[in-house]
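Only one structure is covered here, and it is reproduced in the block below.
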Amino acid sequence: MFRKKIVSLFISFFSLSFVFAVESEPVEKADLNEDEAVIEKISEAVDSKNLLRNLSLDGEIFIPETRDSETVLIHSTEKETSRTFYDSLNRVVRKEIWKITSAKDSKRIRIEYYEYNGNSNLLKGKTIITEDSEENFIYSNAGFLILNELFNFVETSGSEKNEKEKLQYAVSKKAWKYDSENRVVSETQVNYVYKNNDYKKAAEKKSSRKKYFYHEDSEIPPDTETYENGIIQKRVLYETAGDYTAEIFFDHGYVVKSYYENNQRKKDEFFQDGSFVRSKEY
């Protein structure tokens, strides 16, 4: 009998818990039953003190290292190597991804930095850098994402002849606000548009924003208002989970107001500059 076997190895290493998902090639069923086979794999992965040692499984290599107050776990495949750095509190503080094309040709293609609030496990900030982009994340004291910024890199002509340099330019920015119960009350996105792809000049900003207004009854979805470039586009007001009205705002003062019952649209009303024009029932 041939089948694929997914083995999860839960290993304690320097007080860390690592989970490895390893998919083996289809093999003929061994004399050992499945549970015994898993136990045998785990016993091969750790030493007499139950610490992870160098491990090779189906072309993947796991190598643990200890450097002063930090621990590094190296995970290698044929084409890629990752290095994950842990601090003395067992928190990930940096992760590197390297592309390996040959013994002499390798380059780092991605690096991630993590920052925490004091000695807690709550993230304060995170940065991801690749060859072409940089993305920053900022979190609240409660660990909720409040800001996300994306930047790209582009090659431009340098000051010297035939010189090339990388220019960083803003792509987008997202921001979230929360109430005292850590519920999202506002989410905003700004996209930066560059005329003729001239990234050295100021960009045009195009923004969207959505506001949330919560009911005392948590079973009722929050009312919402959606804006584009500061102009309201849509408003949804709930009476119950399935009964609500939705207003869509068009240019030149034209508004369509739709009524829903049990999530079924029942009637539309049309307005021009605040005055009723006509209605349509369904």
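The values are calculated or read from the model by the stated rules, or taken from the named source; none is laboratory data. What you see is a predicted model, and the numbers here were worked out from it, not measured in a lab. Every residue, glycine as well, gets a Cβ built from its backbone with ideal geometry; the counts of neighbours run over all protein chains shown. Keep in mind that these areas ignore ligands, DNA and RNA; they rest on the heavy atoms of the full protein, side chains included. Shrake-Rupley method; radii C 1.70, N 1.55, O 1.52, S 1.80 Å.
Summary table below
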{"quantity": "Tabulated pairs, the range 114-143, first over 17 Å from V92 (Cβ atoms), second in a loop (DSSP other than H, G, I, E, B), C-beta under 7 angstrom, 6+ apart or interchain", "calculated": "N141/N117; A142/N182"}
{"quantity": "Extreme residue, nearest to the chain's Cα centre (by Cα), among residues of the range 98-128 that are among the β-branched types (V, I, T) and farther than 22 Å from E149 by Cα", "calculated": "I100"}
{"quantity": "Of all residues in the range 88-107 being assigned to a strand (DSSP E or B) and among the β-branched types (V, I, T), the one that is nearest to H75 (Cα to Cα)", "calculated": "I97"}
{"quantity": "Residue check, S140 open to solvent by less than 80 Å² (accessible area, probe 1.4 Å) and over 21 Å from the mean Cα position of the chain (by Cα)", "calculated": "no"}
{"quantity": "Single residue of I129, I111 found to be closer than 24 Å to N152 by Cα and open to solvent by less than 40 Å² (accessible area, probe 1.4 Å)", "calculated": "I111"}
{"quantity": "Breaking point among (1) in contact with a strand residue (DSSP E or B) (Cβ under 7 Å, 6 or more places away or on another chain); (2) among the hydroxyl-bearing types (S, T, Y); (3) modelled with pLDDT under 90, for T66", "calculated": "(1)"}
{"quantity": "Number of the condition not met by I248 [criteria: (1) open to solvent by less than 50 Å² (accessible area, probe 1.4 Å); (2) among the β-branched types (V, I, T); (3) part of a strand (DSSP E or B)]", "calculated": "(1)"}
{"quantity": "Members of the range 161-191 found to be open to solvent by 90 Å² or more (accessible area, probe 1.4 Å) and in contact with a Ser or Thr (Cβ under 8 Å, 6 or more places away or on another chain), listed by number", "calculated": "K164, K166, K177"}
{"quantity": "Residue check for V277: over 30 Å from D179 (Cα atoms) and either of a type in the set (S, T, Y) or without any contact (Cβ under 8 Å) to a residue 60 or more places away in the chain (or both)", "calculated": "yes"}
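Quick grid of which residues meet (1) of a type in the set (S, T, Y); (2) outside any strand (DSSP E or B); (3) open to solvent by 50 Å² or more (accessible area, probe 1.4 Å):
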position: K200; (1), (2), (3): no, yes, yes
position: Y227; (1), (2), (3): yes, no, no
position: G242; (1), (2), (3): no, yes, no
position: K266; (1), (2), (3): no, no, yes
